[in-house]
Each structure stands twice: as C-alpha cells, then as structure tokens.
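Trainee: Let me give you the structure first, and then I'll get to my questions.
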Amino acid sequence: MIKTPYTVDVRDLMHRPGEMRERVIDVTVPEEFGNAMIGVKTGSALRIDLRMESLHDGILVSAEVDGTAAGECGRCLIDIEQAVQVEFQELFAYSSDEAFEYEVHEDTIDLEPVIRDAVVLSLPFQPVCQEDCLGLCPVCGVRLLDNPGHEHETPIDPRWATLGDLAGLEGQSGQEN
Ligand SMILES: [Zn+2]
Ligand SMILES: [Zn+2]
C-alpha cells in the first residue's frame, strides 16, 4: 500500500494482546480537506496524539488531533482561521470482516480516512468571523462591522412611486380610468 504521512507501522503491536504504544505524529497536510467554507489547508500542521492498543481482533486506536482550519466567514466573507481539535477511537481489524470499517493492511494502519471524517464532522457549515458578525450591506456590499452606523438614504417606497406616476398622468385625458 502507498505510505502517506498518516500511515503508521503497527508491526510491533500485532497479535500481542495487551501491548500498548503511544506516539505523537506531526503531519504536514498533503492534501486539503473540509467543506465548501472552511477546511484544513495543504501544508498546514496536524498533530496526532496517538495511543494504540493491541487487542485480539486488531489494533484499537485512540487519538486526539490538533490543527488549524482556514476559510471564510459565511456572512461577511473575510478570511478566518479556527482551531481544530477532535478525538476519535477506532478499531483497525486484522480480518476483512464487514463488521469493521477499518483494517490493518500489511502491518500498517492508515489514519487518513478516520482523521478526515472526524475533522470534517467537527467543522461548522456556516463559519463566522465572530458570533455577532453583521455581514455585508445588502445595498452596497461593505462589511457592516467595519462601518458602524452605515446606512443609505431610505429608498422611495414603491407605493409612493406609483402615486407619483399617477400624478404625472393627471394632466392627461384620464384614459387610465
Ligand atoms: Zn464575518
Ligand atoms: Zn451600504
């Protein structure tokens, strides 16, 4: 199998129930992942605090993942960053029994899909730069937090505009009924 920064050798744990190892792995993210608004970017750092226990069925992996996600505010569109911190516990099975989602392959485990799923689930679908972000002015698009008190001349109420038209017609012959 192809080795990636997320591949961990578990040879010294395999088929030795009761054995346990702890490791810290620093990954430079090779390929970004996330949702449309925010994600962990290529080249950013992920720290994986790993605890691996040998069981009869496979290797039980508990991990805490720390990193940084970057994206944009869903309301005002400025660039934002936020800390990512997720934990997971998964069994990597020796057998390819369908009951187990993850398997040990050739003395290694691949943490990439587990980390990706855990991190993506933890990301907000509507990230904001701050909880009370006011977004953008619907008329001119300025960021309202940067422009306190920003407002426009009250637009003419369409009903009055119609009256204005009628007034303009008054001098004519009244064809409009
Ligand atoms: Zn914002
Ligand atoms: Zn405006």
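The values are calculated or read from the model by the stated rules, or taken from the named source; none is laboratory data. These numbers were taken from a predicted model, which means no experiment stands behind them. Here Cβ is always computed from backbone atoms with ideal geometry, including for glycine, and neighbour counts include all displayed protein chains.
Trainee: Looking at A63, A45, A70, A36, can you tell me which residue is within 12 Å of the chain's Cα centre (by Cα) and at pLDDT 95 or above?
Mentor: A70
Trainee: Okay, next question. If I filter region 108-137 down to residues being of a type outside the set (S, T, N, Q) and surrounded by fewer than 12 Cβ atoms within 10 Å (Cβ to Cβ), which single residue comes out as farthest from V61 (Cα to Cα)?
Mentor: D132
Trainee: Between a first residue in region 31-53 that is farther than 18 Å from D110 by Cβ and a second residue that is among the aromatic types (F, W, Y) and modelled with pLDDT of 95 or more, which pairs have beta carbons less than 7 Å apart while being 6 or more apart in sequence or on different chains?
Mentor: From residues that are farther than 18 Å from D110 by Cβ, the pairs are G39/F33.
Trainee: Give the number of residues within region 116-158 that are within 16 Å of ligand 2 (Cβ to nearest atom), touching a residue at least 60 places away in the same chain (Cβ under 8 Å) and polar (S, T, N, Q).
Mentor: 0
Trainee: Output yes when any residue across region 79-93 is assigned by TED's automatic domain parsing to the domain that holds E32, assigned to a loop (DSSP other than H, G, I, E, B) and in contact with an Asp or Glu (Cβ under 7 Å, 6 or more places away or on another chain), and no when none is.
Mentor: no
Trainee: Hey, another quick one. I'd like to know if region 127-136 contains one or more residues that are more than 16 Å from ligand 1 (Cβ to nearest atom) and not in a loop (DSSP other than H, G, I, E, B).
Mentor: No; the residues of region 127-136 include none that is more than 16 Å from ligand 1 (Cβ to nearest atom) and not in a loop (DSSP other than H, G, I, E, B).
Trainee: For L91, indicate whether it is touching a Leu at 6+ places or on another chain (Cβ under 9 Å) and touching a residue at least 40 places away in the same chain (Cβ under 8 Å).
Mentor: So L91 does not fit the description; no.
Trainee: For residues in region 86-115 being aromatic (F, W, Y) and more than 21 Å from the chain's Cα centre (by Cα), which is nearest to ligand 2 (Cβ to nearest atom)? Quick ask: steps written out before the conclusion?
Mentor: Within region 86-115, the subset aromatic (F, W, Y) is 88, 92, 94, 100, 102.
When the remaining residues are screened for being more than 21 Å from the chain's Cα centre (by Cα), the result is 92, 94, 100, 102.
Working: F92: 55, Y94: 63, F100: 56, Y102: 52 Å.
The extreme case among them is Y102.
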